[in-house]
Structure formats: structure tokens, C-alpha cells
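Peer 1: I'd like to ask you about the structure that follows.
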Amino acid sequence: MIKIIVCDDVDGAFQKTGELSRLETSAHVAIYTQVASNRDELLERLRGATVAVAIRDRTVLDRQILASLPQLRLIASTGPHRIDIRAATELGIVVAGAPGTSTASVAEHVFGMILALARRIPRSDYALRERRWESSAGIELEGKTLGILGLGRTGSAVARRAPAFGLQVIAWGPTLTPERAAASGARLVSEEELFHASDILSVHLRRSDLSKGFVNAERLVWMKRIAFSHRYFLGGHRGPSRRRSGASRRQACGRRFGFVRHRPCRDERPDTQRAEHRSHAACCLANHRILQALRASGDG
């Protein structure tokens, strides 16, 4: 019988789709609600699996892991950023993704974090709980410039929502054209101007060799002395030491991170916050991809 392993349904999103019963009629399904603590534990879970389901990039499926799973034929994922696609292709493993299903959720969360920074909401909340009144009201977004680094699917969704707050939008990306920028309501500028002119910088770069270490101390010194930097990415764009040095040189007003390099999130910094997004639609689509594959193979 087909064996399906759900690697990391930490918040129960996969189980809450209501479609689990459809899979159980065609396969044996095992669901893990905690991320494997190490490679050996992950391999033990996936031993003999035909299908692996990875939710929201919590589980790393690299070449070494994939090569150790000779029976694996399909990976259904809500985001393939931590899967070695090249290795999977070479090993004959199909990777089925669910792109775009959480774009709106992410874009809305970006503005939640921007507002929290601009209006100092976390600081005010903490002060009130300590029976103190935070006297600073923060800054208004009206008339400020939002810079978007990486105007792909998520960056474009952020740009389209910016006018509601009276923000002017500028953008830069290594392959961005004036026409594509304009289609999202943004104006294409140079890389240096993006950092110089932005009151708020939102980074939406896909993790790659090009983006690794891109937002560094050298570029942060181009920014205004009072600026907000929000990054919604998969770790690798900046290292902790560069983050501190860049912020200290320019006295950046605040920083928020949507994703971090290590998961689960470590508590090394008290201000680190994790953003959790429900992936109901993505999990439904992952189920659909699995059922399609099972039917195509004659096992469904």
C-alpha cells in the first residue's frame, strides 16, 4: 500500500483541511505534528515512504536525505524552497508545489508588522503590561516611501496594498522591468536609490546564491537614519553579525523578520517574533496533487 508521510503538520493545517479521508482510502497516512529534531529522526520517519508532504518549508529535504529514500516518488509541498529540486529530478522524484496560495495572507501580515513598527505597538503593549504609559505615538505612514526589494508574487501583492496607507512605492529587483513595476503600482529605481529613498524597506527575495548576504551592512549605510526594515524571506539574506553592525551604524528604527534561518525559532533574541500563517488552501492543493499522482500511477 502507498505510504504517505506528513512531515511537519505543527499547527494541524493539513488535518483541518477535511480531505484527509480522501487520501486514507488510497494510502496509509502518517502525520507528525512536530518537526524532526535531526536528520536521523527525519530519515526514520520517511523510511519506506512513497509520498512526503512538507508544509511551509519546515523540513529540509536535501540531496543526502533524498538519496537515502529509494522508494520516495512524490513530494507535495506548500513551498519548495527547502527541497533540492535538482536532486529530486535526478532521482526521479516528482515535486508538486502549491504556489501563491498564501500570497494574500503574507502581504497582509507584512502591513501588520509595518504598522507595529511605525506605531510602536509591541513596545506600547509591553509598557502597558508593566503599568507604564508609552508616550511616543510613532510615525504616520501617509506620504512615506515604501521600498520593495524583489517584486515577485508576494512583493507585488504588498505594492498593491500600499496606496491604502498613502505610501509611495518604489522597487528594485535583478530582473525587474519598468513595465512590471508599473503593473503593480510601483516605480522602478536603481538598487542604490531603493536603499537611499526608502522610509520602509520590505525585502521579498527568493533564497538563492544571488540574494545570499544581499542586504548587508554596506547597503544599510545608504538608508536614512530613521528607517524601518521589514524582511519576509527564507533565511540567508543577512547574517546576525551584519544585521547588528548595519543597524548600529545607521541607527535603524526597527526590524522585523517574517522567517528566520533556523526552525523552530530560537529564543536567543527576546524581540524575535515568529509569524504563523494558516495554509488551509495550500494543504488542500497539496492533497489534490497527491490524489492526481495516485490516479496517474493506477494506485488511486
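Peer 1: Does Gly143 satisfy being more than 23 Å from the chain's Cα centre (by Cα), assigned to a loop (DSSP other than H, G, I, E, B) and not acidic (Asp, Glu)? Please lay out each step first, then the result.
Peer 2: Values: more than 23 Å from the chain's Cα centre (by Cα): yes; assigned to a loop (DSSP other than H, G, I, E, B): yes; not acidic (Asp, Glu): yes.
When the stated conditions are applied, Gly143 passes them.
Peer 1: Now for a different question. Conditions: (1) assigned to a loop (DSSP other than H, G, I, E, B); (2) touching a helix residue (DSSP H, G or I) at 6+ places or on another chain (Cβ under 8 Å); (3) over 27 Å from Ala182 (Cβ atoms). Leu151 meets all but one. Number of the miss?
Peer 2: For Leu151, the exception is condition (3).
Peer 1: Counting only residues that are touching a residue at least 24 places away in the same chain (Cβ under 8 Å) and farther than 16 Å from Ile4 by Cβ, how many does region 37-59 have?
Peer 2: Looking only at region 37-59, we keep the residues that are touching a residue at least 24 places away in the same chain (Cβ under 8 Å), and these are 39, 42-43, 45-46, 48-59.
Next, from what is left, pick out any that are farther than 16 Å from Ile4 by Cβ: 39, 43, 56-58.
Of the residues in region 37-59, 5 are touching a residue at least 24 places away in the same chain (Cβ under 8 Å) and farther than 16 Å from Ile4 by Cβ.
Peer 1: Moving on. Being modelled with pLDDT of 95 or more and not hydrophobic (A, V, I, L, M, F, W, C) is the filter here, so list the residues in region 156-174 that pass it.
Peer 2: The answer is Ser156, Arg160, Arg161, Pro163, Gly166, Gln168.
Peer 1: Please work out which residue is surrounded by the most Cβ atoms within 10 Å (Cβ to Cβ), limiting yourself to region 100-138 and to residues that are among the polar types (S, T, N, Q) and more than 14 Å from Thr154 (Cβ to Cβ).
Peer 2: It comes out as Ser124.
Peer 1: Would you check which residues across region 1-29 are assigned to a strand (DSSP E or B) and surrounded by fewer than 17 Cβ atoms within 10 Å (Cβ to Cβ) and list them? Don't jump to the end; show me each part of the working.
Peer 2: Going residue by residue through region 1-29, those that are assigned to a strand (DSSP E or B) are 2-6, 27-29.
His28, the sole residue that qualifies.
Peer 1: How many residues are under 20 Å from the mean Cα position of the chain (by Cα) and at pLDDT 95 or above if we restrict to region 185-214? Give the steps one after another, and end with the answer.
Peer 2: Kept after step one, since they are under 20 Å from the mean Cα position of the chain (by Cα), are these residues of region 185-214: 200-214.
Now narrow it down to the ones that are at pLDDT 95 or above: none.
Counting residues in region 185-214 that are under 20 Å from the mean Cα position of the chain (by Cα) and at pLDDT 95 or above gives 0.
Peer 1: For residues in region 154-186 being small (Gly, Ala, Ser), in a helix (DSSP H, G or I) and in contact with a strand residue (DSSP E or B) (Cβ under 6 Å, 6 or more places away or on another chain), which is surrounded by the most Cβ atoms within 10 Å (Cβ to Cβ)? It would help to see each step written out before you state the result.
Peer 2: Initially, region 154-186 is screened for residues small (Gly, Ala, Ser), giving 155-157, 159, 162, 164, 166, 171, 173, 181-186.
From what's left, in a helix (DSSP H, G or I): 155-157, 159, 162, 164, 181-183.
Filter once more, so that each one left must be in contact with a strand residue (DSSP E or B) (Cβ under 6 Å, 6 or more places away or on another chain): 155, 159, 162, 181.
Details: Gly155: 28, Ala159: 25, Ala162: 25, Ala181: 23.
For region 154-186, the residue satisfying everything is Gly155.
Peer 1: While we're here: Would you check if there is a residue in region 126-145 being assigned by TED's automatic domain parsing to the domain that holds Ile200, in contact with an Asp or Glu (Cβ under 6 Å, 6 or more places away or on another chain) and either among the basic types (Lys, Arg) or touching a residue at least 12 places away in the same chain (Cβ under 8 Å) (or both)?
Peer 2: Residues of region 126-145 assigned by TED's automatic domain parsing to the domain that holds Ile200: 126-145.
Then drop every residue that is not in contact with an Asp or Glu (Cβ under 6 Å, 6 or more places away or on another chain), which leaves 127, 144-145.
Subsequent filtering for residues that are either among the basic types (Lys, Arg) or touching a residue at least 12 places away in the same chain (Cβ under 8 Å) (or both) retains 144-145.
Within region 126-145, one or more residues are assigned by TED's automatic domain parsing to the domain that holds Ile200, in contact with an Asp or Glu (Cβ under 6 Å, 6 or more places away or on another chain) and either among the basic types (Lys, Arg) or touching a residue at least 12 places away in the same chain (Cβ under 8 Å) (or both).
The values are calculated or read from the model by the stated rules, or taken from the named source; none is laboratory data. Predicted model only: the values in this text are computed from it and were never measured. Please note: Cβ atoms are built from the backbone with ideal geometry, for glycine as well, and neighbour counts cover all protein chains shown.
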